[in-house]
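Have a look at the structure below before the remarks.
The values are calculated or read from the model by the stated rules, or taken from the named source; none is laboratory data. Because the structure is a prediction, the values reported are computed rather than measured. Using ideal geometry, Cβ is built from the backbone for each residue, glycine included, and neighbour counts are taken over all protein chains shown. Surface areas here come from the heavy atoms of the whole protein model, side chains and all, with no ligands, DNA or RNA. Shrake-Rupley method; radii C 1.70, N 1.55, O 1.52, S 1.80 Å.
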Amino acid sequence: MRAVESYVTAVETLRVSPGSDPAILRRSLEELDFDHPTDPEDALELILGMFEEHQTHTASPRYFGLFDPATATMGVVAETLVAAFNPQLAVWRQSPAAVEIEQFMMGVFAGKFGFDAARAAGSFTSGGSEANHTAVLAALAHAFPEWPAHGLRALSSQPVLYISAEGHHSIMKAARACGLGLTAVREIAVDPHFRLDIDALSEQLARDKAEGLLPFMIVGTAGTTNAGMIDPLAQLADIAARERMWLHVDAAWGGAIALVPEMRHLIAGIERADSITFDPHKWLSVPRGAGLFLTRHRDILARTFQVSATYVPDNNVASSEVLDLFSHSMQWSRRFTGLKTFMTLAVAGWDGYAAVIRRNTVLSRYLRDRLEGDGWSVVNDGDLAVLCFIDTVNECGASAEFLRSVRESVVSSGAAWISYTCLAGRVPALRACVVNFRTAEKDVDALIEALHHAREGANPRGR
Ligand SMILES: *Cc1c(COP(=O)(O)O)cnc(C)c1O
C-alpha cells in the first residue's frame, strides 16, 4: 500500500511513456531464477522498478490517450479486498453478498440508462469486448430460438448485423468467434460528422433483404473510440423496431454522460436499446477490467448461456429467487468484478462522477481553444471530451506522415501522450482525450507546448 501511495504521488513527475528496449527488459528478468526463492522485498522492488520505468503511465495527468484514466483509490482498495477474500461468483450460495452487490449495481446502472431496473438484467464482464460479444450472442438467441441448440446451420439463410465503419472492432472478433464470420458484419458508411449514415444503412438493409439474408442486429455507438461521436440512436431504434432487429448500443466510454443530467439528452434513445455495453473501467476511473452488459430482456442471458452440470453446488433457496451467474455469461469461475465499481461509486456518489465528467468536458473545450489559438484545426465536432486535430501552419499539416511524426515526437519527449488515428479511413488526425480526474489546465498547457515544439521539429515535407 505504501508503494501504491508513493506511485500515485509521484506519477505527475514521471515521463508519461517509456522508451523501452525489449532486450533490456528481458535481461532484467533473466537475472531471476526460480531455483532460489527471492526475498519478497526484492521481488516487490524489481516489479516497482519495472513498472515505473517501462510502462506508459495512464494515471499521469498528461496522458491524453485512449480511455485509460487514473484509477480511483476505492477501486484499488476493492481489487485488493477481492484478491484477499477471493469470492467465487459462479454460484449464488458460494458468495451471496458479492452476487447480490453485482445484481444491485446492474439495476442501478440499468436505471441510469433509462431501462426499467426491475425488469432489466445483465452481467459484469472483463470489458467492452466481452460485453459486445455477449450482445451478439444474445441477439442471435433472441432472433433465432433454434440457434442455441442447433447453431447457425439450423438457420434458413445467413444472419447479418450492422455497425458503422467507426464502430468498435470487437464486434468483428465477436462475429468471428460465434461463427457468423466477418462478412456477416455490414460496415455502414458514416456521415460527414463520422456518425452512422441512416440512408446508407437503409440501402444496405434493403439489398440484404432482397438477397434473402437475415438481418438480425444493429449496433449503434454512443461515443466512437476515434472521435467520440454518437450515432443517431433514436433513428436506429425506429429502424430496429420496424425491422424487428435487436438494437445494441455500444456506450463503452461515452455512456458515462448518462450520469450528468445536462448531458444525458445527447444519448437520448439509448433507453430503447435491447442491450447496452458500458465500461466502468473507462471514464469512471475503475481499475481494469470492468465492463457491463445490460439488457431489458430479463430471460435472454439464461437462454443464451444456461447449461447444467452435476458438480454445481445446490442453492439452499428457491432457484427462482436467486441467480447463479455461471448461467449468465461465458465465464464460470468468476472474479468479483463489480466491487470496484460499487465502492468507487459509493464514495464518489453520482454527483462526484458528474463533477469529474463536467470538469473533463470544460478542459476539453479549453484544449480546443488553445489548439485553435496555436494553428491547429479540430476536425471532429462531438460533445464528448475527445479532440481530433490537424496542423494548419505547415503545408503538409494534414498529412498522415506529418501528423505521425508530430505524434512520435510528443510521445518520445515523455512530456505528454496523445495518439494518431485516421477517421473513417480517410481523415488522418492527432487525437487527445481528457478523461483523467487529475488533469488540470496546466497539463493542457504542457500538451500545447509539446505539440508546438514537435511541429517545429517535424520534417515539413513529411517522410
Ligand atoms: C474501449 C471500447 C470497446 C472495447 O472495450 P474493452 O473494455 O477495451 O474491451 C468497445 N467499444 C468502444 C466504443 C470502446 O471505446
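Might you tell me the accessible area per residue for the chain, computed with a 1.4 Å probe and given in Å²?
That works out to 45 Å² for each residue.
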Review point. Assuming a viscosity of 1.002 mPa s and a temperature of 20 °C, what translational diffusion coefficient in µm² per second does Stokes-Einstein assign to region 298-384, Rh being the Kirkwood radius over Cα pairs?
Key: 119 µm²/s
Study note, to complete from the structure: The distance between the Cα centres of region 216-261 and region 19-62, in whole Å, is 41 Å
Practice item. Have a look at the chain and give its Rg and Dmax from the Cα atoms, expressed in angstrom. Key: 23.4, 73
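What order do you get for 370-378, 67-75, 132-140 when each peptide is scored by the mean count of other beta carbon atoms within 10 Å, highest first?
The densest-packed peptide leads the list: 132-140, 67-75, 370-378.
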Exercise for review: Could you sort out which of K209/K282; K173/K282; K112/K340 sit more than 26 Å apart by Cα distance in this structure?
Suggested key: K209/K282
Exercise for review: Using +1 at the Cβ of each Lys and Arg and -1 at the Cβ of each Asp and Glu in region 24-113, identify which of T38, L66, G111 lies farthest towards the dipole's positive end.
Suggested key: G111
Check your understanding: Between S308 and D238, how many nm apart are label points set 7 Å from Cα along the C-beta direction?
Key -> 4.7 nm
Point to revise | DSSP bridge orientation in the chain - percent antiparallel, rounded to nearest 5 | key: 55 percent
Check your understanding: Along the principal axes of its C-alpha atoms, what lengths does region 111-161 span, in descending order and rounded to whole Å?
Key -> 39, 23, 19
Study note, to complete from the structure: Here, R153 and T80, labelled 7 Å along Cα→Cβ, have an inter-label distance in nm of 5.4 nm
**Study point:** For region 121-165 and region 294-344, distance of Cα centres in Å
**Key:** 18 Å
Practice item. Tally up the carbon and sulfur contribution to the accessible surface of the chain as a whole percent, 1.4 Å probe, everything protein left in place. Key: 53 percent
Point to revise | Point-to-point label distance, M50-S412, nm (Cα→Cβ direction, 7 Å offset) | key: 2.6 nm
Practice item. Calculate the radius of gyration of the Cα atoms of region 50-147 to one decimal place, then report Dmax, the largest Cα-Cα distance, as a whole number, both in Å. Key: 17.7, 53
